[in-house]
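A short write-up of the structure that comes next.
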Amino acid sequence: MDVQTNPPVELNGFREAMRAADLEEIVEVTIEVYVDEAPRTFDLLSASVAEGNLDVVNSCAHSLKSSSHNVWAKRVAGMFGILEDAARDRDAKLVNSTFGEAEPEFRRVMDYLTATLAG
């Protein structure tokens, strides 16, 4: 998937919404917090999926869903929402398959946001 034509984060929409609310200064801070904290939660999610600990999967997926929505990474946020629901419903098969789809998308988000901060 081309990051230029199909970015994993709707950064322009995020900036415009915050500008309209006179809160544009929080965009960079929100991205910095996500880039700093989301990987730790994702690592715990990954380990919990591997262990089959659906309670921790539920909690981590919920946290990542919310924080991903905060930075307008809507595609991966939706995947984390599916993971959260699947873990709550004790559907380990769906947890595993959804995690397999969410992992590369999360990596795309992280690469995109890291590049945004560096640029």
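The values are calculated or read from the model by the stated rules, or taken from the named source; none is laboratory data. On a predicted model such as this, the values are computed, not experimentally measured, just so you know. Each accessible area value is taken on the protein alone, full model and side chains, heavy atoms only, with ligands, DNA and RNA left out. Shrake-Rupley method; radii C 1.70, N 1.55, O 1.52, S 1.80 Å.
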Average projection area in nm² (convex hull over Cα atoms of the chain, one quarter of hull surface): 7.1
Rg followed by Dmax, in Å, when the range 31-101 is reduced to its Cα trace: 11.1, 33
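Per Stokes-Einstein, at 4 °C and 1.567 mPa s, what whole-number D in µm² s⁻¹ belongs to the range 70-119, with the Kirkwood radius over Cα pairs as the hydrodynamic radius?
Working: Rh = 11.6 Å.
The Stokes-Einstein estimate is 112 µm²/s.
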The chain - percent relative contact order, Cα under 8 Å, separation 6 or more: 31
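Where only protein heavy atoms count, and the probe is 1.4 Å, what is the accessible area per residue for the chain in Å²?
54
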Isotropic mean projected area of the C-alpha convex hull, the range 1-55 (nm²): 5.6
